Amino acid sequence: MPDVTLHEVGKSTFNQRWLVELRDGARVECVLYRADTLCVSSQVGCAVGCPFCASGAHGLARPLTLAELIGQVEAVRALGHTLQRVTVSGVGEPLHNHAAVWSFFEHCRTERVGVSLTTSGGPIARLAEWLHAPHNGLTLSIHAGSEAMRARVVPKGPSLHALFELLEREVPRMTRRRKKKTALAYLVCGGINDRPDELAAFAERARPLALPVHLYAYNEVSNSDYQRVSRAEYERCYRQLTDAGLLVRMSSQARLEENGGCGRLLATRSEPRLFALRLT
Ligand code: SF4
């Protein structure tokens, strides 16, 4: 019996999404972006508890094994897809499953597949390690400019103080290549963290680091009352950050689609009860 079995649950212009059934009956999801980049899950659920996210809405059940991480890649390849890149940005906090994810990165490198991850930043000592690790991209989810907002949108993640203190120390020590591959993410949720003062506070913290910023537009999920921002408001946020001197990229079409985006993937425990999902 394979470690994972795929069932297609969604297909749109740029993306294809599968339910990933694990041997013990637990389920997560993975998404293929633009036919060549696979976003895999690293845990069944998540302990970070971001209120906008479906993936972690019911907490953490268990980490995925290395075999289950590799299994997602192999199962999608077996369907005939040629993968250029893999990102550990689906259900789960990759740094909470450090050993398996680290080994998975080593595996991908031996297979000559570019591999990246998205993290909320904790545990902070692990983040320090990952900032200098060989990877094809590390995106650090910030989503706030004030500590109050950070505690609201990433409740079990490290504080902004802890994150930026680490970044101020480590970024100058990173190689040019590592810096080029490291980015901050700000997920804009309508009426929550899109206020000018919140963005100004984020820009103030981020500017000295000179790292690129991924400004994502939120895609709504059924278990959260967080709302998508209007296109006009999203563009206003973009202009505010670029005017503040940041190098900002907006969400791609693939991320804006129904099957893409942050916190939308689901996870189900091995028990029959429906459990949680997320988006990145
Ligand atoms: S957004 Fe990421 S870190 Fe936050 S709860 Fe969802 S899966 Fe976990």
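Details
- Percent of alpha-carbon pairs separated by more than 20 Å within region 76-202: 48
- Net dipole in debye of region 75-221 [+1 Lys, Arg Cβ; -1 Asp, Glu Cβ; about Cα centre; nearest 20]: 640
- Residue among PRO134, SER222, LEU32 farthest towards the positive dipole end of the chain, charges placed on Cβ: PRO134
- The Cα trace of region 9-117 gives Rg and Dmax of 13.1, 37 Å, the first to one decimal, the second as a whole number.
- One chain, two ends: GLU106 and ARG169. Fully extended at 0.36 nm per residue, the span grows by 20.1 nm beyond their Cα-Cα distance.
- Magnitude of the charge dipole for the chain, about its Cα centre and with charges confined to Cβ atoms of Lys, Arg (+1) and Asp, Glu (-1), is about 640 debye.
- Per residue, in Å², the accessible surface of region 42-135 once ligands and nucleic acids are set aside, probe 1.4 Å: 35
- Taking region 121-136 and a reference point 7 angstrom along Cα→Cβ of ALA47, the backbone N atoms nearer than 16 Å belong to 121-127.
- Fraction of accessible area attributable to carbon and sulfur, region 102-165 (%, probe 1.4 Å): 53
- Most mobile of LEU246, LEU166, LEU95 in a GNM of the chain (Cα contacts under 10 Å): LEU166
- R0 of 30 Å, Cβ-Cβ distance LEU247-GLU129: FRET efficiency to nearest 0.05: 0.75
- Percent of Cα-Cα distances greater than 32 Å, calculated over the chain: 17
- Spatially, region 33-52 and region 53-109 are offset by 8 Å when compared through their Cα centroids.
- Surface composition of region 180-235: carbon and sulfur atoms hold 48% of the protein heavy-atom accessible area at a 1.4 Å probe.
- Residue-wise HN-Hα coupling along region 200-214, computed from phi with Karplus coefficients 6.51, -1.76, 1.60 (Hz; x: Gly, Pro): 5, 5, 4, 4, 4, 6, 7, 3, x, 7, 6, 9, x, 10, 8
- Near ALA185, the amide H atoms lying under 5 Å from its own belong to LEU140, SER141, ILE142, HIS143, HIS214; only residues 5 or more places off or on other chains count, and H is placed 1.01 Å from N.
The values are calculated or read from the model by the stated rules, or taken from the named source; none is laboratory data. Bear in mind that the values here come from a model prediction, so they are computed numbers and not experimental data. Note: ideal-geometry Cβ built from the backbone for every residue, glycine included; neighbour counts use all protein chains shown. Surface areas here come from the heavy atoms of the whole protein model, side chains and all, with no ligands, DNA or RNA. Shrake-Rupley method; radii C 1.70, N 1.55, O 1.52, S 1.80 Å.
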